[in-house]
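Just below is one structure, and these are the notes that go with it.
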Amino acid sequence: MERRKKRKGMIIALEGIDGSGKTSQAMLLRDWLSHRMDTFFTEWNSSEWVHEVIKEAKKKNVLTPSTFSLIHATDFADRYEKFILPMLKAGFVVVSDRYIYTAYARDSVRGNDLSWVKGVYSFAVKPNLTFYIRVPVEVALSRIKESRRFIKPSEAGDGMFQNVTPEEGFLKYQSMVIDVYEKLAKEEGFVVLEGTKSPREVQTKIREKVGELLWKEDF
Amino acid sequence: MERGFLISVDGVEGSGRTLHVESLKKWLEEMGYGVTTVGIQMSKLMSEPLSEVKRNIVFQRFTLFLAYATDLADQVENVVKPSIKSGFIVIADGYVNTLKSWALTRKLSQEWVNNVLSITPKPDVSISLISPPSVIIRRIIRKRGFLDPLTSAVDLCINEDLYRSFSRYVNKFQSNLTALTEMDGGSVFNTNKSLDQSTKEITYYVEGYLKR
């Protein structure tokens, strides 16, 4: 009798600007998957120790484009080596709320050379599936204002622009990020979802795609 | 105003890096130059967090390397570049070639490592220090009283005692460092001699650059 094939791990990434609804979608996906298989959920900028260093550095405003990029890469590498890679090898499905493409977009918008950024992150395997949740910046902005009324500095470019209101900063910064995402969507084969649809419609689409991937090459 | 310049001093712990950085600094200051020093794990941004977590992430080579790269980049941006611009000489107590040798000895890809560090300015004078492992280990033990597994490549020490493992590590590290230094036109000095003699050789070399 054929031995049962060892299950291969997978990375499913969700990308999109702040206010695109990607975190809610990622959490819905995580909950749905975790009833069915070993699932691990990870978020951008959440390394136990680097996260704190970044927070302090932003408060003191000491990051330059290159150190902004490298310190976020350190945060990612910490989560990658400690959690993502071992889980992947052990057959987990890793749901990643933002992955390396967030760095591609945010770092290059800050003036780092995109090919350098890609090189920095080249130690990480690419996701098996990347969802890009596309929303117009105005929609993202109004969602954020409705839900909590203030805009975090990181959502408005962390001081990239002088003399702008948080709203203007948000619109400027997120539009630049969108431009990079749109380019990457083609290059990297993202599954593009219209984030203006209802959360349920978006989630249904996500589950459909994930289902195809997970259960087509069955274990 | 005349632009300053950058002297890198690379080598493994115990190679005499800090000692020679200090004596170079003194020598240059006596001649009237303004000197700033930077070095590995000396940034405001990363120095403390690194010393706190290093023990926990000793097997996470990409993370450690990127943390060191962040540490170096922070000093490059906030100290090296502005100091050079305002006419200072900057001496780095450990620079790009130390990080690269660390990484190559741990089998990280050279292409990846070169790309990450490609944002750092090339030193105007590149000095690397080497010594036989037995001499290096004696120096470390004299200073600290013991071989600290953390700085002695414990991540590469499987099935071996610390002394032998570290000797092999120093050999590999130094052959990487020598190759890297020679490749970009720097100079390697063996510090297995009297401090006076080493200092003379190094200052003579830097003098050559100053007189160019």
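The values are calculated or read from the model by the stated rules, or taken from the named source; none is laboratory data. Computed from a prediction, not measured in an experiment: that's the story for all the values here. Heads up, the Cβs are rebuilt from the backbone with ideal geometry, glycines too, and the neighbour counts pull from every protein chain shown.
All but one of (1) outside any loop (DSSP other than H, G, I, E, B); (2) surrounded by fewer than 19 Cβ atoms within 10 Å (Cβ to Cβ); (3) in contact (Cβ under 8 Å) with a residue 40 or more places away in the chain hold for B:Y163, so report the exception by its number.
(3)
Given the residues B:Y95, B:Y68, which is the only one that is within 10 Å of chain A (Cβ to nearest Cβ), at negative phi and crowded, with 23+ Cβ neighbours inside 10 Å?
Of B:Y95, B:Y68, the one residue that is within 10 Å of chain A (Cβ to nearest Cβ), at negative phi and crowded, with 23+ Cβ neighbours inside 10 Å is B:Y68.
Test A:K89 against the stated conditions and say whether it is at pLDDT below 95 and closer than 29 Å to B:S118 by Cα.
For A:K89, the condition - at pLDDT below 95 and closer than 29 Å to B:S118 by Cα - is not met.
Tell me whether the stretch B:75-92 contains one or more residues that are within 9 Å of another protein chain (Cβ to nearest Cβ), in contact (Cβ under 8 Å) with a residue 24 or more places away in the chain, in a helix (DSSP H, G or I) and of a type outside the set (A, V, I, L, M, F, W, C).
Yes: one or more hits.
Output the residues belonging to the stretch B:34-74 that are in a helix (DSSP H, G or I) and aromatic (F, W, Y).
B:F62, B:F65, B:Y68
Quick one: is A:D97 more than 15 Å from the chain's Cα centre (by Cα), at negative phi and modelled with pLDDT of 95 or more?
Against the criterion (more than 15 Å from the chain's Cα centre (by Cα), at negative phi and modelled with pLDDT of 95 or more), A:D97 does not qualify.
Go over the candidates A:E155, A:E146 one by one and state the one that is without any contact (Cβ under 8 Å) to a residue 24 or more places away in the chain and either acidic (D, E) or crowded, with 19+ Cβ neighbours inside 10 Å (or both).
Within the list A:E155, A:E146, the selection yields A:E146.
Check B:D155, B:D124 and return the single one that is among the acidic types (D, E), touching a residue at least 60 places away in the same chain (Cβ under 8 Å), surrounded by fewer than 20 Cβ atoms within 10 Å (Cβ to Cβ) and more than 14 Å from every other protein chain (Cβ to nearest Cβ).
Exactly one of B:D155, B:D124 is among the acidic types (D, E), touching a residue at least 60 places away in the same chain (Cβ under 8 Å), surrounded by fewer than 20 Cβ atoms within 10 Å (Cβ to Cβ) and more than 14 Å from every other protein chain (Cβ to nearest Cβ), namely B:D124.
Please go through the stretch A:18-59 and pick out each residue that is among the small types (G, A, S), assigned to a loop (DSSP other than H, G, I, E, B) and within 16 Å of B:P49 (Cα to Cα).
Listed by number, the residues that qualify are A:S46, A:S47.
Within the stretch A:120-147, work out how many residues are within 14 Å of chain B (Cβ to nearest Cβ) and outside any helix (DSSP H, G or I).
Residues in the stretch A:120-147 being within 14 Å of chain B (Cβ to nearest Cβ) and outside any helix (DSSP H, G or I): 2 in total.
If I ask for residues that are among the hydroxyl-bearing types (S, T, Y), touching a residue at least 24 places away in the same chain (Cβ under 8 Å) and either loosely packed, with under 11 Cβ neighbours inside 10 Å or closer than 14 Å to B:I136 by Cα (or both), which ones from the stretch B:181-202 would you list?
Within the stretch B:181-202, B:T191 is the sole residue that qualifies.
Residue check, A:V62 against (1) β-branched (V, I, T); (2) within 11 Å of another protein chain (Cβ to nearest Cβ); (3) assigned to a helix (DSSP H, G or I), all met but one. Which one?
(3)
Per-residue answers, yes or no, for (1) closer than 30 Å to B:K107 by Cα; (2) modelled with pLDDT of 95 or more:
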position: B:C157; (1), (2): yes, no
position: B:E160; (1), (2): yes, no
position: B:N176; (1), (2): yes, yes
position: B:D184; (1), (2): yes, no
position: B:S187; (1), (2): yes, yes
position: B:N190; (1), (2): yes, yes
position: B:S194; (1), (2): no, no
position: B:T203; (1), (2): no, yes
position: B:L210; (1), (2): no, no
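What do you reckon, is B:R55 closer than 30 Å to B:V154 by Cβ and within 11 Å of chain A (Cβ to nearest Cβ)?
no
Taking the stretch A:95-109 as the search range and keeping residues that are within 18 Å of A:R30 (Cα to Cα) and surrounded by fewer than 24 Cβ atoms within 10 Å (Cβ to Cβ), which one is nearest to the other protein chains (Cβ to nearest Cβ)?
A:R98
Between residues in the stretch B:103-115 that are more than 10 Å from every other protein chain (Cβ to nearest Cβ) and within 24 Å of B:S152 (Cβ to Cβ) and residues that are modelled with pLDDT of 95 or more and not in a helix (DSSP H, G or I), which pairs lie under 9 Å by C-beta distance while being six or more apart or on different chains?
B:A103/B:S109
Conditions: (1) within 17 Å of B:K100 (Cβ to Cβ); (2) polar (S, T, N, Q); (3) out of contact with any helix residue (DSSP H, G or I) (no Cβ under 9 Å at 6 or more places or on another chain). B:S126 meets all but one. Number of the miss?
Of the numbered conditions (1) within 17 Å of B:K100 (Cβ to Cβ); (2) polar (S, T, N, Q); (3) out of contact with any helix residue (DSSP H, G or I) (no Cβ under 9 Å at 6 or more places or on another chain), the odd one out for B:S126 is (3).
Test each condition in (1) over 24 Å from A:S115 (Cβ atoms); (2) buried (at least 20 other Cβ atoms within 10 Å of the Cβ); (3) touching a helix residue (DSSP H, G or I) at 6+ places or on another chain (Cβ under 7 Å); (4) more than 8 Å from every other protein chain (Cβ to nearest Cβ) for B:M46 and report the one that comes out false.
Unmet condition: (4).
Of (1) surrounded by fewer than 16 Cβ atoms within 10 Å (Cβ to Cβ); (2) under 19 Å from the mean Cα position of the chain (by Cα); (3) among the hydroxyl-bearing types (S, T, Y); (4) farther than 28 Å from A:K183 by Cα, A:S34 satisfies all except one. Which?
Unmet for A:S34, out of (1) surrounded by fewer than 16 Cβ atoms within 10 Å (Cβ to Cβ); (2) under 19 Å from the mean Cα position of the chain (by Cα); (3) among the hydroxyl-bearing types (S, T, Y); (4) farther than 28 Å from A:K183 by Cα: (2).
If a residue must be closer than 23 Å to A:L141 by Cα, assigned to a helix (DSSP H, G or I) and touching a residue at least 24 places away in the same chain (Cβ under 8 Å), how many such residues does the stretch A:189-219 contain?
Of the residues in the stretch A:189-219, 3 are closer than 23 Å to A:L141 by Cα, assigned to a helix (DSSP H, G or I) and touching a residue at least 24 places away in the same chain (Cβ under 8 Å).
Going by the conditions given, is A:A140 under 30 Å from A:E56 (Cβ atoms), among the small types (G, A, S) and in contact (Cβ under 8 Å) with a residue 60 or more places away in the chain?
When the stated conditions are applied, A:A140 passes them.
Out of A:S154, A:S147, which single residue is within 15 Å of the chain's Cα centre (by Cα) and modelled with pLDDT under 95?
Of A:S154, A:S147, the one residue that is within 15 Å of the chain's Cα centre (by Cα) and modelled with pLDDT under 95 is A:S154.
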